[in-house]
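Encoded as C-alpha coordinates, the structure appears first; notes follow it.
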Amino acid sequence: MKTFWQVKLLSMLALLCVVAPLVGQDLQPDTDIESRLSQLEDEIQMLRTQVEASSQAGMVPAQEAGWIIGNNGSLVPCIPPADGKKYPTVQLTGFFQLDGVWFNQNQANRTTLGPNGDLQDGWDFRRARLAAKGDLAENFSYIMEFDFASSQATFVDVWAQYSNAPLFQNIRIGRWRQPYGMSELTSIRELPFLERSSGFSVAPFRQTGLGFFGSNEPDRVTWAASVFRYPSDGFGDNAGDNGGYAGAGRLTMLPVYASDGERLIHMGIDYYYANPSQNEVRFLSQPEIQVVDVAPNPSISVPPFIDTGFVSVNHVDSINFELAAKYGRFVIQSEARWTRLNQRGNAPTQVIENAYALVRYSLTGESLQYNKKNAVFGRVVPRHDFNPYCGNWGAWELAARYSFADFNGNWLAASGSPGPGRQMGNTTLGVNWYLNAHTKFQFNYIYSDLNDPTYGSSFADIYAVRCQIDY
(Lines give C-alpha, C1' and ligand atoms only; values in the text may rest on other atoms or scores of the structure.)
Protein backbone atom coordinates (compact mmCIF):
# COMPACT_ATOMS: atom_id res chain seq x y z
CA MET A 1 0.00 0.00 0.00
CA LYS A 2 1.39 3.39 -0.90
CA THR A 3 2.00 5.81 1.95
CA PHE A 4 0.46 9.27 1.97
CA TRP A 5 3.56 11.10 0.80
CA GLN A 6 4.04 8.73 -2.13
CA VAL A 7 0.43 9.29 -3.33
CA LYS A 8 0.83 13.03 -2.92
CA LEU A 9 4.11 13.14 -4.82
CA LEU A 10 2.77 11.02 -7.71
CA SER A 11 -0.33 13.23 -7.91
CA MET A 12 1.86 16.33 -8.26
CA LEU A 13 3.86 14.67 -10.98
CA ALA A 14 0.68 13.75 -12.88
CA LEU A 15 -0.60 17.32 -12.59
CA LEU A 16 2.71 18.62 -13.88
CA CYS A 17 2.47 16.36 -16.93
CA VAL A 18 -1.04 17.70 -17.74
CA VAL A 19 -0.26 21.37 -17.22
CA ALA A 20 3.11 21.43 -18.96
CA PRO A 21 1.83 21.45 -22.55
CA LEU A 22 -0.56 24.33 -21.73
CA VAL A 23 2.01 26.83 -20.52
CA GLY A 24 4.02 26.90 -23.73
CA GLN A 25 7.09 29.08 -23.63
CA ASP A 26 7.10 29.36 -19.84
CA LEU A 27 8.23 25.73 -19.47
CA GLN A 28 11.61 24.16 -20.12
CA PRO A 29 12.08 21.95 -23.16
CA ASP A 30 10.55 18.47 -23.10
CA THR A 31 13.94 16.89 -22.57
CA ASP A 32 14.35 18.73 -19.24
CA ILE A 33 10.90 17.59 -18.11
CA GLU A 34 11.68 14.01 -18.93
CA SER A 35 15.00 14.21 -17.13
CA ARG A 36 13.38 15.63 -14.01
CA LEU A 37 10.62 13.01 -14.07
CA SER A 38 13.22 10.28 -14.31
CA GLN A 39 15.15 11.74 -11.34
CA LEU A 40 12.00 11.96 -9.22
CA GLU A 41 11.05 8.39 -10.03
CA ASP A 42 14.53 7.24 -8.96
CA GLU A 43 14.19 9.08 -5.64
CA ILE A 44 10.75 7.54 -5.04
CA GLN A 45 12.14 4.09 -5.66
CA MET A 46 15.08 4.75 -3.32
CA LEU A 47 12.78 5.93 -0.53
CA ARG A 48 10.45 2.94 -1.01
CA THR A 49 13.44 0.58 -0.73
CA GLN A 50 14.72 2.27 2.44
CA VAL A 51 11.30 2.16 4.12
CA GLU A 52 10.71 -1.47 3.23
CA ALA A 53 14.19 -2.48 4.45
CA SER A 54 13.68 -0.63 7.74
CA SER A 55 10.29 -2.26 8.22
CA GLN A 56 11.66 -5.72 7.59
CA ALA A 57 14.50 -5.09 10.08
CA GLY A 58 11.82 -4.58 12.74
CA MET A 59 12.93 -1.07 13.69
CA VAL A 60 9.97 1.18 12.88
CA PRO A 61 6.89 0.40 10.75
CA ALA A 62 6.97 2.29 7.47
CA GLN A 63 3.75 4.15 8.26
CA GLU A 64 5.26 5.40 11.57
CA ALA A 65 8.60 6.56 10.22
CA GLY A 66 9.56 10.20 10.58
CA TRP A 67 11.30 12.11 7.80
CA ILE A 68 14.10 14.64 7.57
CA ILE A 69 15.82 16.55 4.78
CA GLY A 70 19.09 14.86 3.83
CA ASN A 71 22.39 16.54 2.96
CA ASN A 72 21.55 16.56 -0.76
CA GLY A 73 18.08 17.99 -0.15
CA SER A 74 16.25 14.69 -0.59
CA LEU A 75 13.75 13.23 1.88
CA VAL A 76 15.17 10.40 4.01
CA PRO A 77 13.65 8.37 6.86
CA CYS A 78 14.64 9.37 10.40
CA ILE A 79 15.06 5.87 11.84
CA PRO A 80 17.62 4.87 14.51
CA PRO A 81 19.96 2.04 13.48
CA ALA A 82 19.09 -1.41 14.77
CA ASP A 83 21.73 -2.64 17.23
CA GLY A 84 20.06 -5.93 18.04
CA LYS A 85 19.95 -5.24 21.79
CA LYS A 86 17.05 -5.89 24.10
CA TYR A 87 16.70 -3.14 26.70
CA PRO A 88 17.45 -2.64 29.47
CA THR A 89 20.84 -4.39 29.65
CA VAL A 90 22.56 -5.22 32.96
CA GLN A 91 26.21 -5.97 33.69
CA LEU A 92 27.44 -6.77 37.20
CA THR A 93 30.85 -5.37 38.20
CA GLY A 94 32.75 -4.97 41.44
CA PHE A 95 36.05 -5.03 43.29
CA PHE A 96 37.57 -5.20 46.76
CA GLN A 97 40.74 -3.80 48.29
CA LEU A 98 42.15 -5.46 51.41
CA ASP A 99 44.80 -3.35 53.17
CA GLY A 100 47.35 -4.01 55.87
CA VAL A 101 49.06 -0.99 57.55
CA TRP A 102 51.93 -0.64 60.05
CA PHE A 103 53.08 2.62 61.70
CA ASN A 104 56.32 3.86 63.25
CA GLN A 105 56.17 7.35 64.82
CA ASN A 106 58.49 9.51 66.85
CA GLN A 107 57.20 10.85 70.15
CA ALA A 108 56.75 14.37 68.75
CA ASN A 109 54.33 13.00 66.18
CA ARG A 110 52.20 11.28 68.84
CA THR A 111 52.12 14.48 70.89
CA THR A 112 51.17 16.60 67.88
CA LEU A 113 48.24 14.34 66.96
CA GLY A 114 46.76 14.47 70.47
CA PRO A 115 44.81 11.82 72.44
CA ASN A 116 44.53 9.42 69.48
CA GLY A 117 48.01 10.16 68.27
CA ASP A 118 49.41 6.67 68.83
CA LEU A 119 48.55 5.16 65.46
CA GLN A 120 47.52 1.52 65.58
CA ASP A 121 48.52 -1.13 63.05
CA GLY A 122 45.58 -2.75 61.35
CA TRP A 123 43.91 -4.63 58.54
CA ASP A 124 40.71 -3.58 56.84
CA PHE A 125 38.69 -3.79 53.67
CA ARG A 126 39.34 -0.30 52.37
CA ARG A 127 36.71 -0.74 49.67
CA ALA A 128 34.23 -3.50 48.77
CA ARG A 129 31.97 -2.42 45.93
CA LEU A 130 29.26 -3.89 43.75
CA ALA A 131 27.70 -2.18 40.77
CA ALA A 132 25.11 -2.78 38.09
CA LYS A 133 25.50 -0.88 34.85
CA GLY A 134 24.15 -1.05 31.33
CA ASP A 135 21.93 0.61 28.75
CA LEU A 136 18.31 1.70 29.08
CA ALA A 137 17.81 2.41 25.37
CA GLU A 138 19.84 3.54 22.39
CA ASN A 139 22.32 6.19 23.74
CA PHE A 140 20.93 5.98 27.29
CA SER A 141 23.14 4.35 29.96
CA TYR A 142 23.24 4.08 33.74
CA ILE A 143 25.27 2.82 36.70
CA MET A 144 24.35 2.07 40.32
CA GLU A 145 27.43 1.38 42.47
CA PHE A 146 27.54 0.87 46.24
CA ASP A 147 30.35 0.41 48.76
CA PHE A 148 29.96 -2.07 51.62
CA ALA A 149 33.32 -1.52 53.35
CA SER A 150 31.98 0.76 56.10
CA SER A 151 29.35 0.04 58.73
CA GLN A 152 26.57 0.64 56.19
CA ALA A 153 26.41 0.63 52.41
CA THR A 154 27.00 4.03 50.83
CA PHE A 155 26.46 5.43 47.36
CA VAL A 156 29.42 5.64 45.00
CA ASP A 157 28.38 6.36 41.40
CA VAL A 158 24.62 6.52 40.80
CA TRP A 159 23.73 8.25 37.55
CA ALA A 160 21.94 8.14 34.19
CA GLN A 161 23.43 9.45 30.95
CA TYR A 162 22.44 10.39 27.40
CA SER A 163 25.37 9.99 25.02
CA ASN A 164 24.28 11.46 21.69
CA ALA A 165 23.19 14.95 22.61
CA PRO A 166 23.49 17.79 20.08
CA LEU A 167 26.28 20.21 21.06
CA PHE A 168 26.78 18.75 24.58
CA GLN A 169 27.66 15.22 23.37
CA ASN A 170 27.09 13.61 26.80
CA ILE A 171 24.61 14.68 29.50
CA ARG A 172 24.70 13.07 32.94
CA ILE A 173 22.50 13.45 36.01
CA GLY A 174 22.99 11.86 39.43
CA ARG A 175 26.02 11.39 41.67
CA TRP A 176 29.51 11.03 40.18
CA ARG A 177 33.06 12.39 40.27
CA GLN A 178 32.91 16.06 39.32
CA PRO A 179 35.27 17.36 36.59
CA TYR A 180 38.15 18.50 38.76
CA GLY A 181 41.61 16.89 38.94
CA MET A 182 43.40 14.26 36.88
CA SER A 183 44.05 12.10 39.94
CA GLU A 184 40.43 12.42 41.12
CA LEU A 185 39.09 11.32 37.72
CA THR A 186 41.43 8.32 37.59
CA SER A 187 39.66 5.21 38.86
CA ILE A 188 40.79 4.07 42.30
CA ARG A 189 41.24 0.65 40.70
CA GLU A 190 43.99 2.06 38.50
CA LEU A 191 45.97 4.36 40.82
CA PRO A 192 49.67 3.53 41.27
CA PHE A 193 49.43 4.16 45.04
CA LEU A 194 47.00 3.05 47.72
CA GLU A 195 45.50 6.52 48.06
CA ARG A 196 45.38 9.79 46.14
CA SER A 197 47.62 12.64 47.25
CA SER A 198 46.69 15.02 50.08
CA GLY A 199 45.34 17.52 47.54
CA PHE A 200 42.35 15.22 47.16
CA SER A 201 40.99 16.69 50.41
CA VAL A 202 40.02 20.01 48.76
CA ALA A 203 38.47 18.55 45.59
CA PRO A 204 34.67 18.44 45.28
CA PHE A 205 34.90 14.79 44.09
CA ARG A 206 31.54 12.94 44.10
CA GLN A 207 28.52 15.24 44.31
CA THR A 208 24.92 15.18 43.05
CA GLY A 209 24.10 17.30 40.04
CA LEU A 210 23.90 17.74 36.27
CA GLY A 211 26.90 17.65 33.94
CA PHE A 212 28.04 17.77 30.33
CA PHE A 213 31.22 16.43 28.74
CA GLY A 214 32.74 15.59 25.37
CA SER A 215 35.79 15.72 23.12
CA ASN A 216 36.82 16.83 19.64
CA GLU A 217 37.00 14.49 16.64
CA PRO A 218 40.47 12.96 17.29
CA ASP A 219 39.98 13.10 21.09
CA ARG A 220 42.95 15.44 21.47
CA VAL A 221 40.85 17.98 23.40
CA THR A 222 38.32 17.12 26.12
CA TRP A 223 35.96 19.34 28.06
CA ALA A 224 33.55 18.89 30.95
CA ALA A 225 31.31 21.12 33.07
CA SER A 226 28.78 20.54 35.82
CA VAL A 227 26.50 22.15 38.37
CA PHE A 228 25.79 20.37 41.64
CA ARG A 229 24.71 20.59 45.25
CA TYR A 230 27.58 21.01 47.71
CA PRO A 231 28.52 19.35 49.94
CA SER A 232 26.62 16.06 49.80
CA ASP A 233 26.85 13.08 52.15
CA GLY A 234 27.62 9.44 51.43
CA PHE A 235 24.15 9.00 49.95
CA GLY A 236 24.32 11.98 47.61
CA ASP A 237 22.04 14.08 49.80
CA ASN A 238 22.28 17.80 50.53
CA ALA A 239 19.92 20.00 52.52
CA GLY A 240 19.97 23.71 53.27
CA ASP A 241 18.55 26.79 51.57
CA ASN A 242 21.48 28.96 52.67
CA GLY A 243 23.87 28.25 49.83
CA GLY A 244 24.55 24.70 48.73
CA TYR A 245 25.26 25.29 45.03
CA ALA A 246 28.48 24.77 43.10
CA GLY A 247 29.93 24.33 39.62
CA ALA A 248 33.08 22.81 38.15
CA GLY A 249 34.85 22.59 34.80
CA ARG A 250 37.81 20.84 33.20
CA LEU A 251 39.65 21.36 29.91
CA THR A 252 42.48 19.12 28.68
CA MET A 253 44.59 18.77 25.55
CA LEU A 254 47.24 16.51 24.06
CA PRO A 255 49.80 18.76 22.32
CA VAL A 256 51.86 15.61 21.64
CA TYR A 257 50.38 12.19 20.86
CA ALA A 258 52.49 9.80 18.80
CA SER A 259 52.97 6.08 18.15
CA ASP A 260 49.45 5.24 19.33
CA GLY A 261 50.06 6.81 22.73
CA GLU A 262 53.59 5.53 23.34
CA ARG A 263 54.71 9.15 23.48
CA LEU A 264 52.42 11.88 24.73
CA ILE A 265 52.16 15.12 26.67
CA HIS A 266 48.97 15.89 28.60
CA MET A 267 47.97 19.35 29.83
CA GLY A 268 44.86 20.38 31.71
CA ILE A 269 43.21 23.06 33.80
CA ASP A 270 40.36 22.65 36.31
CA TYR A 271 38.24 25.06 38.33
CA TYR A 272 35.37 24.85 40.78
CA TYR A 273 33.31 27.37 42.73
CA ALA A 274 31.14 26.45 45.71
CA ASN A 275 28.74 28.31 47.98
CA PRO A 276 28.44 25.59 50.63
CA SER A 277 25.32 24.78 52.58
CA GLN A 278 25.15 26.47 55.99
CA ASN A 279 28.17 28.59 54.97
CA GLU A 280 30.77 26.21 56.35
CA VAL A 281 33.40 23.82 55.04
CA ARG A 282 36.04 21.54 56.50
CA PHE A 283 39.15 20.31 54.70
CA LEU A 284 41.34 17.62 56.24
CA SER A 285 43.72 14.87 55.15
CA GLN A 286 45.37 11.78 56.54
CA PRO A 287 48.96 10.95 55.51
CA GLU A 288 47.76 9.30 52.27
CA ILE A 289 46.78 6.12 54.08
CA GLN A 290 43.64 5.10 55.90
CA VAL A 291 42.41 2.42 58.27
CA VAL A 292 38.62 2.47 58.34
CA ASP A 293 36.98 3.27 61.68
CA VAL A 294 35.71 0.27 63.62
CA ALA A 295 33.04 0.97 66.23
CA PRO A 296 33.07 1.04 69.18
CA ASN A 297 36.85 1.56 69.11
CA PRO A 298 37.55 4.43 66.69
CA SER A 299 41.05 4.85 68.10
CA ILE A 300 42.41 2.43 65.50
CA SER A 301 41.51 4.85 62.70
CA VAL A 302 44.11 7.29 61.36
CA PRO A 303 43.35 10.84 62.57
CA PRO A 304 43.83 13.77 60.20
CA PHE A 305 47.38 15.11 60.07
CA ILE A 306 46.23 18.43 58.57
CA ASP A 307 42.84 20.01 59.32
CA THR A 308 41.21 23.41 58.94
CA GLY A 309 38.35 22.53 61.28
CA PHE A 310 34.87 23.79 60.33
CA VAL A 311 35.43 27.19 58.69
CA SER A 312 32.76 29.86 58.26
CA VAL A 313 32.87 30.98 54.61
CA ASN A 314 30.87 32.86 52.01
CA HIS A 315 32.27 30.74 49.19
CA VAL A 316 35.20 28.58 48.12
CA ASP A 317 36.91 28.42 44.74
CA SER A 318 39.88 26.42 43.51
CA ILE A 319 42.07 26.21 40.42
CA ASN A 320 44.15 23.18 39.43
CA PHE A 321 46.81 22.64 36.77
CA GLU A 322 47.63 19.24 35.27
CA LEU A 323 50.78 18.13 33.48
CA ALA A 324 51.73 14.59 32.46
CA ALA A 325 54.01 12.89 29.95
CA LYS A 326 54.64 9.36 28.77
CA TYR A 327 57.61 7.94 26.92
CA GLY A 328 57.27 4.21 26.44
CA ARG A 329 57.33 2.51 29.82
CA PHE A 330 58.16 5.77 31.68
CA VAL A 331 55.40 8.12 32.98
CA ILE A 332 55.47 11.38 34.95
CA GLN A 333 52.43 13.23 36.31
CA SER A 334 51.96 16.36 38.41
CA GLU A 335 49.21 18.65 39.64
CA ALA A 336 49.23 21.91 41.58
CA ARG A 337 46.16 23.58 43.08
CA TRP A 338 45.26 26.64 45.04
CA THR A 339 42.03 26.74 47.04
CA ARG A 340 40.73 30.08 48.24
CA LEU A 341 38.38 30.36 51.23
CA ASN A 342 36.45 33.61 51.31
CA GLN A 343 35.70 33.81 55.03
CA ARG A 344 32.70 35.57 56.46
CA GLY A 345 32.64 38.92 58.21
CA ASN A 346 35.95 40.74 58.37
CA ALA A 347 38.05 37.56 58.47
CA PRO A 348 40.77 37.50 55.80
CA THR A 349 40.59 35.33 52.70
CA GLN A 350 42.86 32.30 53.12
CA VAL A 351 44.55 30.06 50.54
CA ILE A 352 45.35 26.34 50.82
CA GLU A 353 48.22 25.10 48.65
CA ASN A 354 48.57 21.53 47.36
CA ALA A 355 50.90 19.90 44.85
CA TYR A 356 52.30 16.51 43.95
CA ALA A 357 54.64 14.93 41.39
CA LEU A 358 54.93 11.22 40.62
CA VAL A 359 56.95 8.93 38.36
CA ARG A 360 56.15 5.40 37.19
CA TYR A 361 58.35 2.87 35.43
CA SER A 362 57.44 -0.58 34.10
CA LEU A 363 60.14 -3.13 34.93
CA THR A 364 58.66 -5.76 32.62
CA GLY A 365 58.07 -3.52 29.59
CA GLU A 366 54.31 -2.99 29.68
CA SER A 367 52.97 0.33 28.41
CA LEU A 368 50.53 2.23 30.60
CA GLN A 369 47.27 2.82 28.76
CA TYR A 370 45.92 6.36 28.29
CA ASN A 371 42.19 6.96 28.01
CA LYS A 372 41.81 9.78 25.47
CA LYS A 373 38.09 10.39 26.03
CA ASN A 374 38.51 10.73 29.82
CA ALA A 375 42.02 12.28 29.61
CA VAL A 376 43.49 10.04 32.35
CA PHE A 377 45.87 7.11 32.53
CA GLY A 378 44.32 3.66 32.70
CA ARG A 379 45.62 0.34 33.94
CA VAL A 380 48.64 -1.83 33.40
CA VAL A 381 47.79 -5.05 31.54
CA PRO A 382 50.48 -7.75 31.82
CA ARG A 383 51.88 -9.15 28.61
CA HIS A 384 51.71 -12.57 30.22
CA ASP A 385 49.51 -13.57 33.15
CA PHE A 386 51.18 -14.93 36.26
CA ASN A 387 52.08 -18.59 35.78
CA PRO A 388 55.26 -19.72 37.59
CA TYR A 389 55.18 -23.11 35.85
CA CYS A 390 55.73 -21.35 32.54
CA GLY A 391 58.14 -18.76 33.92
CA ASN A 392 55.60 -15.93 33.69
CA TRP A 393 55.50 -13.53 36.64
CA GLY A 394 52.98 -10.94 35.46
CA ALA A 395 53.88 -7.24 35.29
CA TRP A 396 55.98 -5.28 37.77
CA GLU A 397 56.03 -1.51 38.21
CA LEU A 398 57.99 0.96 40.36
CA ALA A 399 56.42 4.25 41.46
CA ALA A 400 57.45 7.25 43.54
CA ARG A 401 55.55 10.38 44.61
CA TYR A 402 56.14 13.52 46.62
CA SER A 403 53.21 15.63 47.79
CA PHE A 404 52.94 18.84 49.80
CA ALA A 405 50.00 20.51 51.54
CA ASP A 406 49.88 23.80 53.46
CA PHE A 407 46.75 24.10 55.60
CA ASN A 408 48.05 26.84 57.89
CA GLY A 409 45.80 29.87 58.07
CA ASN A 410 43.89 32.31 60.22
CA TRP A 411 40.71 30.25 60.25
CA LEU A 412 37.32 31.66 61.28
CA ALA A 413 35.69 28.75 63.11
CA ALA A 414 32.09 27.98 62.21
CA SER A 415 31.54 25.85 65.31
CA GLY A 416 33.92 24.96 68.12
CA SER A 417 37.58 25.88 67.93
CA PRO A 418 39.46 26.25 64.62
CA GLY A 419 41.53 23.37 63.27
CA PRO A 420 45.29 23.12 63.78
CA GLY A 421 46.07 23.74 60.10
CA ARG A 422 49.66 22.44 59.74
CA GLN A 423 51.89 21.59 56.79
CA MET A 424 52.52 18.06 55.56
CA GLY A 425 54.99 16.60 53.07
CA ASN A 426 54.71 12.93 52.07
CA THR A 427 57.29 10.87 50.21
CA THR A 428 55.90 7.57 48.90
CA LEU A 429 57.74 4.67 47.28
CA GLY A 430 55.68 1.92 45.70
CA VAL A 431 55.98 -1.48 44.05
CA ASN A 432 53.02 -2.81 42.06
CA TRP A 433 52.64 -6.43 40.97
CA TYR A 434 49.96 -7.11 38.34
CA LEU A 435 49.28 -10.85 38.23
CA ASN A 436 46.73 -10.42 35.44
CA ALA A 437 44.39 -7.75 34.13
CA HIS A 438 42.13 -8.09 37.20
CA THR A 439 44.45 -8.91 40.13
CA LYS A 440 47.24 -6.85 41.69
CA PHE A 441 49.26 -6.47 44.87
CA GLN A 442 50.72 -3.14 45.99
CA PHE A 443 53.34 -2.16 48.56
CA ASN A 444 53.77 1.45 49.75
CA TYR A 445 56.31 3.02 52.06
CA ILE A 446 55.32 6.54 53.16
CA TYR A 447 57.49 9.00 55.02
CA SER A 448 55.18 11.69 56.38
CA ASP A 449 56.83 14.91 57.57
CA LEU A 450 54.42 17.00 59.67
CA ASN A 451 54.99 20.58 60.76
CA ASP A 452 52.76 22.07 63.48
CA PRO A 453 52.82 25.79 64.41
CA THR A 454 52.92 24.84 68.11
CA TYR A 455 54.80 21.55 68.35
CA GLY A 456 57.18 21.91 65.41
CA SER A 457 58.31 19.07 63.14
CA SER A 458 57.56 15.37 63.56
CA PHE A 459 57.43 12.29 61.37
CA ALA A 460 55.75 8.94 60.84
CA ASP A 461 56.96 5.92 58.83
CA ILE A 462 54.08 4.00 57.25
CA TYR A 463 54.22 0.57 55.61
CA ALA A 464 51.16 -0.65 53.70
CA VAL A 465 50.17 -3.54 51.43
CA ARG A 466 47.04 -4.10 49.37
CA CYS A 467 45.39 -7.00 47.61
CA GLN A 468 42.92 -5.96 44.90
CA ILE A 469 40.68 -7.89 42.56
CA ASP A 470 38.14 -6.40 40.16
CA TYR A 471 35.85 -7.62 37.44
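Within the stretch 392-408, take every residue that is more than 26 Å from Ser448 (Cβ to Cβ) and buried (at least 18 other Cβ atoms within 10 Å of the Cβ) and give me the one that is farthest from the chain's Cα centre (by Cα).
Our first condition is that a residue be more than 26 Å from Ser448 (Cβ to Cβ); within the stretch 392-408, this holds for 392-395.
Right, trim to buried (at least 18 other Cβ atoms within 10 Å of the Cβ) and you get 394-395.
Numbers: Gly394: 28, Ala395: 26 Å.
Across the stretch 392-408, the extreme among qualifying residues is Gly394.
Scanning the stretch 309-352 for residues that are open to solvent by less than 50 Å² (accessible area, probe 1.4 Å) and charged (D, E, K, R) yields a count of 5.
With the condition kept exactly as written, say whether any residue in the stretch 297-308 is free of Cβ contacts under 8 Å to residues at least 40 places away in the same chain, touching a Lys or Arg at 6+ places or on another chain (Cβ under 8 Å) and open to solvent by 60 Å² or more (accessible area, probe 1.4 Å). Checked against the condition, which is being free of Cβ contacts under 8 Å to residues at least 40 places away in the same chain, touching a Lys or Arg at 6+ places or on another chain (Cβ under 8 Å) and open to solvent by 60 Å² or more (accessible area, probe 1.4 Å), the stretch 297-308 yields no hits at all.
Conditions (1) modelled with pLDDT of 95 or more; (2) of a type in the set (Gly, Ala, Ser); (3) in a strand (DSSP E or B), marked per residue:
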residue	(1), (2), (3)
Asp241	no, no, no
Gly268	yes, yes, yes
Val302	no, no, no
Asp317	yes, no, yes
Leu323	yes, no, yes
Arg340	yes, no, yes
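Taking the stretch 119-218 as the region of interest, the strands (runs of 3 or more DSSP E) fully inside it that hold 3 or more residues being open to solvent by 30 Å² or more (accessible area, probe 1.4 Å) and closer than 30 Å to Asn426 by Cα are 122-137. Go through the stretch 206-223 and give me each residue that's within 23 Å of Met253 (Cβ to Cβ) and either out of contact with any Ser or Thr (no Cβ under 9 Å at 6 or more places or on another chain) or of a type outside the set (Ser, Thr, Tyr) (or both). Scanning the stretch 206-223 gives Gly211, Phe212, Phe213, Gly214, Asn216, Glu217, Pro218, Asp219, Arg220, Val221, Trp223.
Among residues of the stretch 205-216 that are among the charged types (D, E, K, R), those with a beta-carbon under 6 Å from a residue that is part of a strand (DSSP E or B) at least six positions away or on a different chain give the pairs Arg206/Arg175; Arg206/Arg177. Evaluated against (1) more than 23 Å from Val381 (Cβ to Cβ); (2) surrounded by fewer than 18 Cβ atoms within 10 Å (Cβ to Cβ); (3) without any contact (Cβ under 8 Å) to a residue 60 or more places away in the chain, Phe228 falls short on exactly one condition, (2). Residues in the stretch 95-148 that are among the small types (Gly, Ala, Ser) and touching a helix residue (DSSP H, G or I) at 6+ places or on another chain (Cβ under 8 Å): Gly117, Gly122. Applying the criterion of being hydrophobic (A, V, I, L, M, F, W, C) and farther than 13 Å from Ala325 by Cα to the residues of the stretch 353-391, the residue that is surrounded by the fewest Cβ atoms within 10 Å (Cβ to Cβ) is Cys390.
Screening Gly244, Gly240 for residues that are of a type in the set (Gly, Ala, Ser) and either closer than 25 Å to Gly214 by Cβ or open to solvent by 20 Å² or more (accessible area, probe 1.4 Å) (or both) leaves exactly one candidate, Gly240. With respect to Ala203, is the statement that it is closer than 26 Å to Thr339 by Cα, in contact with a Gly (Cβ under 8 Å, 6 or more places away or on another chain) and modelled with pLDDT of 95 or more true? Here the answer is yes, as Ala203 does meet what is asked. Looking across Arg401, Arg383, one residue alone is basic (Lys, Arg) and touching a residue at least 40 places away in the same chain (Cβ under 8 Å). It is Arg401. For Ala62, the conditions (1) at pLDDT 95 or above; (2) open to solvent by less than 70 Å² (accessible area, probe 1.4 Å) are fulfilled apart from (1). Does any residue of the stretch 435-453 turn out to be in contact (Cβ under 8 Å) with a residue 60 or more places away in the chain, open to solvent by 60 Å² or more (accessible area, probe 1.4 Å) and not β-branched (Val, Ile, Thr)? So far as the stretch 435-453 goes, no, none of its residues is in contact (Cβ under 8 Å) with a residue 60 or more places away in the chain, open to solvent by 60 Å² or more (accessible area, probe 1.4 Å) and not β-branched (Val, Ile, Thr).
Condition check ((1) among the acidic types (Asp, Glu); (2) closer than 21 Å to Ala258 by Cα) across all residues:
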position: Val313; (1), (2): no, no
position: Ser318; (1), (2): no, no
position: Ala325; (1), (2): no, yes
position: Glu366; (1), (2): yes, yes
position: Gly378; (1), (2): no, yes
position: Cys390; (1), (2): no, no
position: Gly394; (1), (2): no, no
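Within the stretch 342-355, the set of residues being assigned to a strand (DSSP E or B) and of a type in the set (A, V, I, L, M, F, W, C) comprises Val351, Ile352, Ala355.
The values are calculated or read from the model by the stated rules, or taken from the named source; none is laboratory data. Worth saying up front: this structure is predicted, and the values here are computed from it rather than measured. Cβ atoms come from the backbone with ideal geometry, glycine included; neighbour counts cover every protein chain shown. The accessibility values were calculated without ligands, DNA or RNA, using every heavy atom of the protein model including side chains. Shrake-Rupley method; radii C 1.70, N 1.55, O 1.52, S 1.80 Å.
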